[in-house]
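Rule-based calculations on the coordinates, nothing more; no lab input. Predicted model, so just to flag it, every value in this text is computed and none were measured. Every residue, glycine as well, gets a Cβ built from its backbone with ideal geometry; the counts of neighbours run over all protein chains shown.
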Amino acid sequence: MAIQRMDNVLIVVEDLDAVIAFFVALGMEVEGRGPVEGRWVERVIGIDDVRQEVAMLRTPDGHGKVELAMFHTPKAISAEPRDAPANTLGIRRVMFAVDDIEDVIARLRAHGAELVGDLERYEDIFRLCYVRGPEGIIVGLAEQLR
């Protein structure tokens, strides 16, 4: 049997409000936010004494989702440098299709985001860039040209 869909991507954060604001500026919508704790979540993630706050955000079309989790207990740990380069092992970025890449970059800059490299054109198909937001989170942006 094949998978049905990709449900969401989880990002563990320290400042939930700042990261929510960043993704809302990108164009995502908050679907829900609240505490997650109890024996069931401890068994699922394999960590005891878990107390966290989770926010679920969705793309405007309702298909793509990002789950943000801020751990109160136990405290989250950093597995890599915050500003790890694009060739670091593991998940490096989440890519979003956008209508107006320059407008999105400007909105994200208001939330402290910076371009990782340059805004570039790939043939006559896309304009692409990587943006580093709060807590070192990298999002890719792609504006289709045709």
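Here are a few things to note about the model shown:
- Cα centre as origin, Lys/Arg/Asp/Glu Cβ charges: segment 90-146 dipole, Debye: 240 debye
- In this Cβ point-charge picture (+1 for Lys and Arg, -1 for Asp and Glu), segment 9-73 has a dipole of about 200 debye about its Cα centre.
- Rough spin-label spacing in nm, given labels placed 7 Å along Cα→Cβ, for residue 99 and residue 6: 2.4 nm
- Long-range HN-HN contacts of residue 96 with modeled amide H, under 5 Å: 140, 141, 142
- Computed from phi, the 3J(HN,Hα) profile of segment 52-57 under the Karplus parametrisation 6.51, -1.76, 1.60 (θ = phi - 60°) reads 9, 10, 10, 10, 10, 10 Hz, with x in place of Gly and Pro.
- Close amide H partners of residue 72, meaning residues 5 or more places away or on another chain with modelled amide H under 5 Å apart, are 51, 52, 53.
- When +1 charges are put on Lys and Arg Cβ atoms and -1 charges on Asp and Glu Cβ atoms, the dipole computed for the chain relative to its Cα centre reaches about 300 debye.
- Span from the segment 74-146 Cα centroid across to the segment 34-49 one, whole angstrom: 30 Å
- Chain lengthening between residue 124 and residue 16 when straightened (0.36 nm per residue, less Cα-Cα): 35.1 nm
- Semi-axes of the equivalent ellipsoid for segment 9-73, computed as √(5λ) from the eigenvalues of its C-alpha gyration tensor and ordered from largest down, come to 23, 13, 8 Å.
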